[in-house]
Amino acid sequence: MIEKRVGITETLFRDAHQSLLATRLKLEDMLEITERIDRAGFHSLEVWGGATFDSCLRYLNEDPWERLRVLRKRLPKTKLQMLLRGQNLLGYHQYPDDVVDAFIEKSIENGIDIIRVFDALNDTRNLERSIQATKRAGGHCQAALVYTVSPIHNVEGYLSLAKELAQLGADSICIKDMAGLLRPAQVGPLVSGLKDAVDLPIQLHSHYTSGLASMTYWAGVKAGVDVIDTALSPLALGTSQPPTESLVAALEDTPYDSGIDLALLNEANKVMQRILESYKRPMIKVDTEVLVSQIPGGMLSNLRAQLEQQKMGDRYDEIVAEVPRVRRELGYPPLVTPMSQIVGVQALFNVITGSRYSIKSKEMKDYVKGLYGRPPGEIDEEVRRQVIDGEPMTSRPADSLEPLMGKGRAEVEEFIQQEEDVLTYILFPEIAKKFLAKRHDS
Ligand code: CO
């Protein structure tokens, strides 16, 4: 009966709690289910990267590297996966190549098997180095197409992007639909196009935000998707992934059977339900507004919180209208980290000052200068003149960055217990310094 196994990547330990619990799931709680998860038969388990690194240091007083080593030991049979923001690594701006090389080498040395890299602008110059470094360190490099909807994004564009990524050495391709905008009828042409364009496995990553993702997964699987990303049901749905158990059941006894043991998942589910009673979980709902506004759920809730802090909650609708306008003027960047923050903050400034682009963040200026890479479309001339003096740069941004490893090491020498500490410090200098000093004194 089985023609092709469809693999499943479980996201509970990374994207699912990043989406629903502000990335606060503690390692000790994960360990309650690792034994069952390891036996279930997943293609891989996403456990690291994204916002987890920052959150470990900032909120959980955990060494992210130690978390990775413990998970590696407790999940001996399952491939471990991480999400990396290309040249931005796990931070919010670009790092020089020596830091990219060292960070990736250490990630793999500490237990990562698969690195999914993406660039918010789909600028392949920002992915080259991380692809090379992953391959050199013996890892599997999955390169992501950041999926978005705009007048300048189309299937042909994504196919040529995938070809470029394959040429750069990617081992597989991921369709990264962070806002949950990919529709069931659209995934087929994209996936079959990709299957023709590149001879690589295709993985589908979506979010349930708009209520479409499970249908899109089914349509994607029928069109040839090799692996799908899901979350165990206690942390599924809403802005997270579709539920693992439901997808396993949907594929069971079809030509796409995942081979995963549903009974084991059910046990892990019960343990997780009990653990999550001590966490504040949001009400799970479908937000169909995203289908019109195209603003990811996480970004909307951040904007709402920022407005309420300013006691300007009544301006929410104006912001929701301003975001697409700013996005268009900036050349339609996909709204994913760090572009979602840059566009969101600018929309907020534009509305609350009443004078568009009179205030702009440093990151906004850097984007227009070209320090994040090449915008997908044209930046509006008028806006460019308002934001920066002179012409933007056109070379690969990281080419103008000085090496940082030596300098970073010298700055935290007294606190270093492992080479990884240097990387922690370079990525998040302020919080790392506090974290390392505290560990040193205890
Ligand atoms: Co995601």
Q. Tell me, which residue of the stretch 204-233 that is surrounded by fewer than 24 Cβ atoms within 10 Å (Cβ to Cβ) and in a helix (DSSP H, G or I) is nearest to the ligand (Cβ to nearest atom)?
A. Ser214
Q. Has the stretch 6-13 got any residue that is open to solvent by 20 Å² or more (accessible area, probe 1.4 Å) and in the same structural domain as Pro243 (by TED's automatic domain parsing)?
A. no
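Regarding the stretch 356-363, can at least one residue be identified that is touching a helix residue (DSSP H, G or I) at 6+ places or on another chain (Cβ under 6 Å), basic (Lys, Arg) and not assigned by TED's automatic domain parsing to the domain that holds Leu25? Lay out the reasoning, then the answer.
Step one: of the stretch 356-363, the residues touching a helix residue (DSSP H, G or I) at 6+ places or on another chain (Cβ under 6 Å) are 356-357, 359-361, 363.
From what's left, basic (Lys, Arg): 356, 360.
Next cut, not assigned by TED's automatic domain parsing to the domain that holds Leu25 only: 356, 360.
Yes - at least one qualifying residue is present in the stretch 356-363.
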Q | 1 or more residues within 16 Å of the ligand (Cβ to nearest atom): qualifying helices (runs of 4 or more DSSP H) within the stretch 1-45 | A | 17-20
Q.
Quick check on the stretch 83-90. Is at least one of its residues modelled with pLDDT of 95 or more, outside any loop (DSSP other than H, G, I, E, B) and open to solvent by 30 Å² or more (accessible area, probe 1.4 Å)?
A. no
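Taking helices (runs of 4 or more DSSP H) that fall entirely within the stretch 348-424, which contain at least 2 residues that are over 26 Å from Ala102 (Cβ atoms) and among the acidic types (Asp, Glu)?
Numbers: elements: 362-369, 381-387, 405-411.
Per the criteria, 381-387.
Residue-wise test of (1) open to solvent by 90 Å² or more (accessible area, probe 1.4 Å); (2) in contact with a strand residue (DSSP E or B) (Cβ under 8 Å, 6 or more places away or on another chain); (3) free of Cβ contacts under 8 Å to residues at least 60 places away in the same chain; (4) aliphatic (A, V, I, L, M).
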| site | (1), (2), (3), (4) |
| --- | --- |
| Tyr367 | no, no, yes, no |
| Leu371 | no, no, no, yes |
| Pro376 | no, no, no, no |
| Asp380 | no, no, yes, no |
| Ile388 | no, no, yes, yes |
| Pro392 | no, no, yes, no |
| Ser395 | no, no, yes, no |
| Ser400 | no, no, yes, no |
| Arg409 | no, no, yes, no |
Q: Scan the stretch 70-101 for residues that are more than 16 Å from the ligand (Cβ to nearest atom) and in contact with a Gly (Cβ under 6 Å, 6 or more places away or on another chain) and jot them down.
A: Arg72, Leu80
Q: Being open to solvent by 20 Å² or more (accessible area, probe 1.4 Å) and over 23 Å from Met283 (Cα atoms) is the filter here, so list the residues in the stretch 234-251 that pass it.
A: Ala249, Ala250
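The values are calculated or read from the model by the stated rules, or taken from the named source; none is laboratory data. Given the structure is predicted, the values throughout are model-derived calculations rather than measurements. Counting neighbours? That spans all protein chains shown, and the Cβs are built from the backbone with ideal geometry, glycine included. Heavy atoms of the whole protein, side chains included, go into the accessibility calculation; ligands, DNA and RNA do not. Shrake-Rupley method; radii C 1.70, N 1.55, O 1.52, S 1.80 Å.
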